[in-house]
Amino acid sequence: MIKRKEALILNSFDYGNTSKIIHILTSNSERVSLIAKGARKPTSRFGGNIETVSLGDLVYYIKDNRDLGILKEAALQQFYSEVKKDLYRLNIAFSFLWTVSRIPDPERGLFGLTKRSLTFLDRGFREEVLAYFLLSLFQLSGVFPNLKNCVVCDSEEVDFFDIASGGSLCKRCKTNTAILMDGWQNFILDLSKGRLRVWKEYTFSQRGILLSIIYRYGVYHIGGWLNRLRDILPFEIIPKER
Ligand SMILES: [Zn+2]
């Protein structure tokens, strides 16, 4: 069946003497692998249109129940050129694509989230986009923390946050692993809604602690495999556990 889809190129690698295999995330959040025959020949019609970290309109042929399709046409839509000029932001972009490639059951909405996150990076935002990406991933996966009420007794007076409990706790229900919230509920809610400018209103240390909490929350609630995200990210982004 011939398909025409808007898609993000998650990664690409050389195959045989002249071809490439690309992994894509389509606009309906499906992951597909495609062979781009002759893509490494100088005269290839795919040109630079199938590079990792780009958005394109792709036409491909894939048989039902097959893992690998054949790329027919590729038109570049967005190259994220600002991201590609900055290794720091490029590594954050790679961390999104890495996560998208490995998440066991890609949810509807994953394509939109990844595309928005890359656009934020391209506009100059940096590690705040990682916070946005992970928080939105929690929403898509149905594990977003409960911030307004104590997850145990439903009290509205919440001062603590506990990763394992999945959200806020009051003084009475607080566990040994709970962290003082310091009024960060709004910070987290703003970031999750894409209001990334609030990032600058917090101190360097507060941002670091927040990213560390969000990251550990993801490892706990999304899956231990997410731990390896740290190997891709610039080392200073997620502070070591204290
Ligand atoms: Zn409580």
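For the reader, a short list of remarks on this structure follows.
- Residue within the range 104-125 that is small (Gly, Ala, Ser) and over 30 Å from residue 81 (Cβ atoms) present: no
- When the range 199-208 is filtered for residues that are under 18 Å from residue 122 (Cα atoms) and not aromatic (Phe, Trp, Tyr), only 200 remains.
- Residue match in the range 80-94 (condition: among the small types (Gly, Ala, Ser) and free of Cβ contacts under 8 Å to residues at least 24 places away in the same chain): no
- Boolean, residue 101 is assigned by TED's automatic domain parsing to the domain that holds residue 140 and under 22 Å from residue 19 (Cα atoms): yes
- Sole exception among (1) in contact with a Leu (Cβ under 8 Å, 6 or more places away or on another chain); (2) at pLDDT below 95 for residue 105, by number: (1)
- Each residue in the range 140-154 was checked for being polar (S, T, N, Q) and surrounded by fewer than 16 Cβ atoms within 10 Å (Cβ to Cβ), and 1 of them qualify.
- Matching entry among 118, 113, 135, 169 (being under 17 Å from residue 223 (Cα atoms) and buried (at least 17 other Cβ atoms within 10 Å of the Cβ)): 135
- Count of residues meeting criterion [of a type in the set (Gly, Ala, Ser), out of contact with any helix residue (DSSP H, G or I) (no Cβ under 6 Å at 6 or more places or on another chain) and farther than 14 Å from residue 120 by Cα] in the range 55-100: 4
- Looking only at the range 199-231, residues that are of a type in the set (Val, Ile, Thr), in contact (Cβ under 8 Å) with a residue 12 or more places away in the chain and loosely packed, with under 15 Cβ neighbours inside 10 Å come to 0 in all.
The values are calculated or read from the model by the stated rules, or taken from the named source; none is laboratory data. What you see is a predicted model, and the numbers here were worked out from it, not measured in a lab. Here Cβ is always computed from backbone atoms with ideal geometry, including for glycine, and neighbour counts include all displayed protein chains.
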